[in-house]
Structure formats: C-alpha cells, structure tokens
Amino acid sequence: MAAKKAPEKSNVSKEELLKFYREMLLIRRFEEKAGQLYGMGLIGGFCHLYIGQEAVVVGLEACTKEGDKRITSYRDHGHMLACGMEANGVMAELTGRSGGYSKGKGGSMHMFSREKHFYGGHGIVGAQVPLGAGLAFADKYKGNDNVTFTYFGDGAANQGQVYETYNMAELWALPVIFVIENNHYAMGTSQARSTKSETLFGRGLAYGIPGEQVDGMDVLAVKEAGAKAVAHCRAGKGPYILEMMTYRYRGHSMSDPAKYRTREEVEKMKSEKDAIEHVRDLLLSAGLCSDEELKAIDKSIKDVVNASAEFAKASPEPALAELWTDIYA
Amino acid sequence: MAVDVLMPALSPTMEEGTLAKWMVKEGDVVKSGQIIAEIETDKATMEFESADEGIVGRILVAEGTSGVKVNTAIMVLVEAGESADAAPAPVATVAVAASVAAVAAPAAAVAAPAAAVVSKASADWPEGTPMKTMTVREALREAMAEEMRANPNVMLMGEEVGEYQGAYKISQGLLAEFGAKRVVDTPITEMGFTGIAVGAAWGGLNPIVEFMTFNFALQAIDHILNSAAKTNYMSGGQLGCPIVFRGANGAAARVGAQHSQDFTAWYAAIPGLKVVMPYSAADAKGLLKQAIRDPNPVIFLENEIMYGQSFEVPDLPDFTIPFGKARIWREGTDVTIVSFSIGMKYALEAADLLAKEGISAEVIDLRTLRPIDYDTVLASVQKTNRCVTVEEGFPVGSIGDHLASTIMQRAFDYLDAPVITCTGKDVPMPYAANLEKLALVTTADVVAAVKSVCYR
C-alpha cells in the first residue's frame, strides 16, 4: 500500500480507533452485501452504495450527543448504521420486508428512525437541506442545544433551495451543520463540469456562514472538524458548513455505466486514501493491536452483516392490508 | 376649474374603504404628489396622494367615515379665487353611523337566502348557541389566535405575516400578541421556508405556513407533496407532519393568469394531504382550528373575495368542525347543487332565482375536498335525482368530474339526467374585465345547468 499515513494522532486512544474501525467496516461490509443481494434480485429499484465515504458519517457521529438529529439524501445506508440503527432493519427495508424500518414501504431511499433521530432518507436531491434546517428550527424554538447534521452531496449543492436555506439558517442562527459530502461526481457529472466555484463551502461565506474543507477520507480529521462545528452550533452562533472531500468507489447507483471516470482514478483513491485502511494502519503501526484482533473484528462484522441478510430474506413481505395504512397519522 | 377628488381603489378587490384621516384641511394649498389622506382598505391603511394641484375647496367625506364606495367624490380642489360652492354639497348620509349599516348590509344579503330556507339547523354547534357577526378574515384570525394561545408549539410563518400585519390582514395583531418567535416573517423564498416548516413539524412544532396566495406555493410544491404528504407512509407511520398550509386560492379580481387559479382539485388528488376550502366565516374558523389540531398536512384554501364577507359565527370559547362533513345550506327536492367556497355564492343565488321559477334546489357545501362527504351528496341525489356541481377551477379533472363519476358509479339508477359540472373556462385567466367575467363560473351558468338537468 502506497503513501501510508504516519500515526500522527498519538492522543487518539486504542478504543476510539477500534470503534471507528468497527463502524466503518460494518458500513462497508453491509454495502457489499447489499450490492450482492441487489445482483440476486432481492433488492429492487434504486440502490446507492456508500462504499468509500464511510469516514464522513463515522467521524461526525463521534461528535454527537443524545437528541442531535441527522438527515440525508438517498445514499443513506451508512448514515443509518452510523447512528445506531440496526443492520437487520435496514437490510430488511432494502428487500421490502415487514421487518424493515419503514415496514417495507419506503425502500433504500426512504428510511427513518424517530428513536435514533434519523429523519431520512430523501429521494429528491437537495430537499433534505431545508428540512434539516427545519429540524434545527424546532430545536432552537424549544430552547435546547441540540444540533442537526444535514448531509448533501456536491450535486445537491447546485440546487437553489440550498441557498434559500443558507440565507434563513444564518438569519435565524439555526443550529444546523451543513455537511457537503463532496465525492466529486453528481451522478456522472464531475464538479468541474457543473460549476466554476473552486470550493463548495465557500458559497456559504456569501451568507455569512463559516465553513471549511476537510479530508473526508481521514476519520480523525472529520471528527476534529465536526467537534469544531458542533461547538459553534451549540454556542448559538448559527450554522456551519463542512465540505468533506471524499470519494465513492462504486457507481452512482447499481446501474452506473462508469464511463465518466477512469478505473485508474478509482484504484488510486482505494490504494492511497482508503479510510478503513488508514485506521488499520494506525492501529497496527503503533502496535495498539495485533492482526489477530483485527481479524476477530472482521469476523464479528461479517457475522452481523450475514445475519442481517438472512433476516432480510426471512422477514415476511408486508401484509396486503399495509397498502392502506399510514397514509394519515 | 374645480376638480372632484374621488375615493381611490387601492387593491384589486377593493370596493369601499374607510377615510381614516385627512392630512389637509379646507383652504390648504395642495401640490401634485402630496399626501392628502390616509385610507384604510380591508387589507391595509394606505397614504393617498393628490394627482392634481389646487386649494382644498371643500372636504366632502368626514375623517373616520367607513364604507366609502370607490369613485365617491371625497374632496373638491379649486383654483385660487375660485369658490367651491359650485361643487356638490357634503354627502350628509355618509356619516359614520350610516356607513356602518351600509357595511353590514351586504353581509346580511349573503346570509339571507340560506337563513331563510335551511330547515335542519347546523349540527356543528348546539341549538341556541349565541351568534356574532364577523368576516371570514376575522374568523381566520381568531382561529389562529385561539390555537396559538392553547398550544405553545403552534406558530405562524410566511411572507409579511408579522410586521406588515399580513398581506391580506389575516394575521393582523398576531405579532403583537405572540412575538417574533411565533410569528415569523420569512424572506421571499417559498421553497426554502416551506421545507423548513416541514422539518420543524417533524421536530415537534405545529407550523401554520401562510402562502400570500397559493399561486406562489407552486414554488414549494415539492415539499408539500414529496416531503409533507408522503413521509408518514414512507416511514411506516413514524413521521407524521402536523402542518397547515393556508392562503388565498382561486381568482381575485383583475390580476391575470399567474395570480388567478384554483388549485383545489390538484391538492385533492394527493393521498396524505387533507384539503379544506370553507365558504362561511363559521366554517373558516371551525375548520381552521381543526386543521391546526390535525396531525397531518392540511391544505387550507381561502378565497380573497370572501375575506371581507360577513357571516354569523357561534360565540363560543372553543369550537371545531370535523373534516369530511358537508353542510346542507338549503333543502330542496328537484335538484342537488354541490359546491364549496365562493362557488356557494353562485349556488345559493341560483337556488333563489330557481325557487321563483318553481324549481326547488338542495344546496350542499362540501367544505372539505379530502376527505369528501360522499354520503351526504349521494343521499341528496337519491332524493332529487339530478345534480349540478359548481366550482371555480378548470374543467379537466375537476372536483365536479370526480363527483360525477362517483355518482354514476354509486347512484346510477337514481339519475334522471347526466350530472353537469359548472367550472371556470378552460383558459388561462385573462386580464380584460369583460373576458375575466366570461372565464369565471357565474350564477347564470348554474341556473342554466339546473334547467338543463330538469329538462326545463
């Protein structure tokens, strides 16, 4: 493996590194399994995998406290696993079964958990941005110090409602962190082909919102930036923008022709910047744990993911009467 | 030469106003562009500038006079040395007391045809309940204020709802009572603030979103449909959205195609939404209070022309009207006329005219379009065997179309004639006064349709 990073963050504990390792690995193995089930016809429709971007949600979840909220786009499996939702419920939703988080009625793009303060899962690009600011509006109205993590991609960053939201979020000092997951491609359109803006976080400066670009492949850098943004929000200073420079290894969805970028580009990111390998190297090179310990973790994650796949296959389809339920609260 | 200064029309729908304050007195020299009076419309108090130069020869309408009709002479401007004696004498009858009666008169006229004939008292409030007269505008304001007093999580947001006191004065006084935290002025950014309001509803608030008119809600349609209406279903029942979207819907007067459109049938097509469009002030109040308490997204459609109309409203500390319950305004035996909102005005007027020709019409106000009270409509049609629907919206895919198909499927054997749907014409709303009139549904349309289904 080329250009390995030195274990420069000596103040990070073994426990925390192992936690990051486990959580990122769970997302990756889960997504690989989802891709496999899709290929077998067990998952239908659209399915957008998060492989490559794991450090973003895992690093930011490390900055949250109970009551903080999160909302994202259709590429949402990783966010759900990172905030503590069960792999079984997520996988069963992917297969459209009654054991899924939405009883099989939402699918890959539309899952929610009130209990874990996960507000979706939104299929309309950019719609989650004002919705997330609205969650923050409610928290500010109620006078608590919770923050809302509002995730969107570099593609959504070109939607007008993002800037309508920036304007009001700063005007009303809403406790919302706008997390731009910049994986460089809006479906197949690279950032350079969609905007002349050099940075995406920089657009927030026009509205008075501070922000920064972060190495989104480095979970420790993500956590550090996240902590700063959270402190800003909790102190009542209004919104903050984190532009996470990240990369998606797989296609936009399962039906991606992969004609818009080279295989070499993808391989280079995998071999030089992989977020999970980075943490693995930190653990091993500092002698914090052995190869055997990591292998044991790998196996336990594999077991969780396999169990979720079994659950998702065995869970019954929703009862036909479910067609007519939940239309109204 | 003496010039009459006339009461101006200061809004598209203004027919009369209050001469709130004179800024000049007799004998003053007035320059063109000078503010000479403050005039209060049903929407706002506005400064009135003189278009002419001269000396105030005579003030014809006293300060404080209400009910001054547009184009009434309110002042005479004379040239130096000229006498105002040639001008008309002050209009003595436009005194304050007299004009109050004049304001109340059209209200009585609106309520009269129904009050005279309705036999079954409304079951929405107990018999013998004391009533008070109020406009639809006041009823809407009271509904919001009462619900905001009762529930600290109810809040209002929209363009000009606070400091401006509401573009149509519906929210007048709410900022003063509830403060800027709960009466939130937004920038002109419908998509953004609608998304924020939906998120806030998920976060535990009960937002009321005012669209200045529903024409502007098109900018926000994605959040109304995809975010508010569908999420409870997509989340398996976890994420209901207790929110009210309200504002003026349908044609106002002379504002052209982009500002004159009835969206009732559009919203009524969407599962997950509830859709309300009241006619009377009592229904406006009771249904809006119900909407604010409903745990689902409610589209609450108002009508600008109805805002200033007065009705009898129960004088109760708290009352609501359930959704999905039509009101029979007038009982009849020969034909059923089904309508809602301003369409009821034409339906009731038509029923009056038809009565004189010996046709007895039953007039039903649907009040809510999702859910629809099919049972009341079907029971009536089974009695009268004929049906005419009345609405302002476009003809294709109208509420009337849906009712006609429902009646055909569920009461086919009872029909003695095809159902006729009276709607607005299938054209964008024209600006020219004569064409606009032609584009809208009228009382005459309803009378003709009833005669047709009665083979008269």
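The values are calculated or read from the model by the stated rules, or taken from the named source; none is laboratory data. All values derive from a computational prediction rather than experimental measurement. Neighbour counts run over all protein chains shown; Cβ positions are idealised from the backbone, glycine included.
I'm trying to understand the selection: among the residues of segment B:262-279, which are hydroxyl-bearing (S, T, Y) and either farther than 22 Å from B:G424 by Cβ or outside the structural domain of B:K230 (by TED's automatic domain parsing) (or both)?
none
Taking the residues in segment A:115-152 that are within 7 Å of chain B (Cβ to nearest Cβ), aromatic (F, W, Y) and under 21 Å from A:A235 (Cα atoms) as candidates, determine which candidate is surrounded by the fewest Cβ atoms within 10 Å (Cβ to Cβ).
Out of the qualifying residues, it is A:Y141.
So which residues in segment B:270-319 are under 9 Å from the mean Cα position of the chain (by Cα) and among the β-branched types (V, I, T), if there are any at all?
The one that is under 9 Å from the mean Cα position of the chain (by Cα) and among the β-branched types (V, I, T): B:I305.
Quick check, is A:T95 over 25 Å from A:G59 (Cβ atoms), in contact (Cβ under 8 Å) with a residue 24 or more places away in the chain and touching a Leu at 6+ places or on another chain (Cβ under 9 Å)?
The answer is yes for A:T95.
Residue-by-condition table, conditions (1) among the hydrophobic types (A, V, I, L, M, F, W, C); (2) within 18 Å of A:T64 (Cα to Cα); (3) without any contact (Cβ under 8 Å) to a residue 24 or more places away in the chain:
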| site | (1), (2), (3) |
| --- | --- |
| A:G120 | no, yes, no |
| A:G123 | no, no, no |
| A:G132 | no, yes, no |
| A:G143 | no, yes, yes |
| A:A157 | yes, no, no |
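Do we find a residue being touching an Asp or Glu at 6+ places or on another chain (Cβ under 7 Å), within 14 Å of chain A (Cβ to nearest Cβ), buried (at least 24 other Cβ atoms within 10 Å of the Cβ) and more than 30 Å from B:N434 (Cα to Cα) anywhere in segment B:275-285?
no
Tell me which residues, restricted to segment B:360-383, are under 19 Å from B:V446 (Cα atoms) and either assigned by TED's automatic domain parsing to the domain that holds B:M277 or surrounded by fewer than 21 Cβ atoms within 10 Å (Cβ to Cβ) (or both).
Listed by number, the list holds a single entry, B:S360.
Could you say whether any residue in segment B:167-185 is within 14 Å of chain A (Cβ to nearest Cβ), of a type in the set (D, E) and part of a helix (DSSP H, G or I)?
Looking for residues that are within 14 Å of chain A (Cβ to nearest Cβ), of a type in the set (D, E) and part of a helix (DSSP H, G or I), one finds none in segment B:167-185, hence no.
Can you pull out the residues in segment A:154-171 that are outside any helix (DSSP H, G or I) and within 11 Å of chain B (Cβ to nearest Cβ)?
Correct list: A:Q159 only.
Could you grab me the full set of residues in segment B:304-327 that are assigned to a loop (DSSP other than H, G, I, E, B) and under 24 Å from B:T421 (Cβ atoms)?
Scanning segment B:304-327 gives B:F323, B:G324, B:K325, B:A326.
Mind checking which residues of segment A:313-322 are closer than 14 Å to A:K105 by Cα, more than 10 Å from chain B (Cβ to nearest Cβ) and part of a helix (DSSP H, G or I)?
A:L320, A:A321
Might you check whether a residue that is part of a strand (DSSP E or B), within 14 Å of chain A (Cβ to nearest Cβ) and among the hydrophobic types (A, V, I, L, M, F, W, C) occurs anywhere in segment B:288-301?
Yes, because at least one residue in segment B:288-301 is part of a strand (DSSP E or B), within 14 Å of chain A (Cβ to nearest Cβ) and among the hydrophobic types (A, V, I, L, M, F, W, C).
Select from segment B:210-249 the residues that are within 11 Å of another protein chain (Cβ to nearest Cβ), outside any loop (DSSP other than H, G, I, E, B) and either modelled with pLDDT under 95 or in contact with a Leu (Cβ under 9 Å, 6 or more places away or on another chain) (or both) and list them in ascending order.
Residues satisfying the conditions are B:H223, B:L225, B:S227, B:A228, B:A229, B:T231, B:N232.
Hey, does segment A:245-268 have a residue that's assigned to a helix (DSSP H, G or I) and either in contact (Cβ under 8 Å) with a residue 12 or more places away in the chain or under 26 Å from A:E86 (Cα atoms) (or both)?
Within segment A:245-268, one or more residues are assigned to a helix (DSSP H, G or I) and either in contact (Cβ under 8 Å) with a residue 12 or more places away in the chain or under 26 Å from A:E86 (Cα atoms) (or both).
Can you tell me which residue is farthest from the other protein chains (Cβ to nearest Cβ) among those in segment A:284-312 that are exposed (fewer than 15 other Cβ atoms within 10 Å of the Cβ) and among the small types (G, A, S)?
The selected residue is A:G287.
I'm told B:A252 meets every condition in (1) within 11 Å of chain A (Cβ to nearest Cβ); (2) out of contact with any strand residue (DSSP E or B) (no Cβ under 7 Å at 6 or more places or on another chain) except one. Can you identify the failing condition by its number?
The one condition B:A252 does not meet is (1).
What residue, of B:V94, B:V68, is in contact with a helix residue (DSSP H, G or I) (Cβ under 9 Å, 6 or more places away or on another chain) and at pLDDT below 50?
B:V94
Out of all the residues in segment B:144-155, is one or more surrounded by 13 or more Cβ atoms within 10 Å (Cβ to Cβ) and within 19 Å of the chain's Cα centre (by Cα)?
Checked segment B:144-155: at least one residue is surrounded by 13 or more Cβ atoms within 10 Å (Cβ to Cβ) and within 19 Å of the chain's Cα centre (by Cα).
Yes or no, residue by residue, for (1) under 14 Å from the mean Cα position of the chain (by Cα); (2) among the small types (G, A, S); (3) farther than 29 Å from A:A321 by Cα; (4) part of a loop (DSSP other than H, G, I, E, B):
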| site | (1), (2), (3), (4) |
| --- | --- |
| A:V12 | no, no, yes, yes |
| A:R29 | no, no, yes, no |
| A:L42 | no, no, no, yes |
| A:Y50 | yes, no, yes, yes |
| A:L60 | yes, no, yes, no |
| A:H79 | yes, no, yes, no |
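For segment A:277-329, give me each residue that is without any contact (Cβ under 8 Å) to a residue 12 or more places away in the chain and under 30 Å from B:A291 (Cα atoms).
Passing the criteria: A:A321, A:L323, A:W324, A:T325, A:I327, A:Y328, A:A329.
Pairs please, first residue from segment B:378-392 and at negative phi, second anywhere and among the aromatic types (F, W, Y), Cβ atoms under 8 Å, 6+ apart in sequence or on different chains.
Cβ pairs passing all conditions: B:V381/B:Y414; B:Q382/B:Y414; B:V390/B:Y346; B:E391/B:F340.
Quick one: in segment B:1-31, of everything that is among the hydroxyl-bearing types (S, T, Y) and assigned to a loop (DSSP other than H, G, I, E, B), which residue is nearest to B:I55 (Cα to Cα)?
Restricting to residues being among the hydroxyl-bearing types (S, T, Y) and assigned to a loop (DSSP other than H, G, I, E, B), the top hit is B:S11.
Filter segment B:186-195 down to the residues that are within 8 Å of chain A (Cβ to nearest Cβ) and outside any loop (DSSP other than H, G, I, E, B) and list them by number.
B:M191, B:G192, B:F193, B:T194, B:G195
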